[in-house]
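Chemist: Have a look at this one.
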Amino acid sequence: MPLKLSLKPGEKFVLNGAVVQNGDRRGVLVLQNKASVLREKDILQPEDVNSPARRIYFQVMLMYIDPSETDKYYDEFILRMSEFMDAIRNPEILSECVAISSCCLQREYYKALLSCRKLIAYEDMRLRNEPAGVPTDSD
């Protein structure tokens, strides 16, 4: 099934590890086969990796866009996920952690990234001292 990307002028994305930028007009790109694609808004920059959940997301993101170094990123992912799970008591979030780990084992990194967003939202909510729960994905 093809993937259709509607791109804003100047929008960047990563395609199989290469950074690609759209020109000065809106554009549409149709990928006919499986490829690793990550939009600019979903790319976490190293300087923004400033919390436990973001450290997990970052390692999964690296596994997704740089498969040649997956083993190295996976080892760091396991360390960060273990630390996160040791600090969390919310059963729903712990279940998300297990699901993310399972996705990574199956090399379903994009699916894992979507679940990692829930960890980030939960962490942000807890840091603001809001009631615990699993937030919905607003993106």
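The values are calculated or read from the model by the stated rules, or taken from the named source; none is laboratory data. These figures come from a predicted structure and were not determined experimentally. Here the Cβ is made from the backbone with ideal geometry for all residues, glycine too, and neighbour counts use every protein chain on show.
Chemist: Give me the residue from segment 13-30 that is surrounded by 13 or more Cβ atoms within 10 Å (Cβ to Cβ) and assigned to a strand (DSSP E or B) and, out of that set, modelled with the lowest pLDDT.
Modeler: My answer is 29.
Chemist: So for segment 105-124 (the condition being surrounded by 13 or more Cβ atoms within 10 Å (Cβ to Cβ), of a type in the set (Val, Ile, Thr), in a helix (DSSP H, G or I) and free of Cβ contacts under 8 Å to residues at least 60 places away in the same chain), does at least one residue qualify?
Modeler: Among the residues of segment 105-124, not one is surrounded by 13 or more Cβ atoms within 10 Å (Cβ to Cβ), of a type in the set (Val, Ile, Thr), in a helix (DSSP H, G or I) and free of Cβ contacts under 8 Å to residues at least 60 places away in the same chain, which makes the answer no.
To keep it simple, each residue is scored yes or no on (1) out of contact with any strand residue (DSSP E or B) (no Cβ under 7 Å at 6 or more places or on another chain); (2) without any contact (Cβ under 8 Å) to a residue 40 or more places away in the chain; (3) not assigned by TED's automatic domain parsing to the domain that holds residue 118.
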| site | (1), (2), (3) |
| --- | --- |
| 9 | yes, yes, yes |
| 20 | no, yes, yes |
| 56 | yes, no, no |
| 60 | yes, no, no |
| 65 | no, no, no |
| 71 | yes, yes, no |
| 77 | yes, yes, no |
| 87 | yes, yes, no |
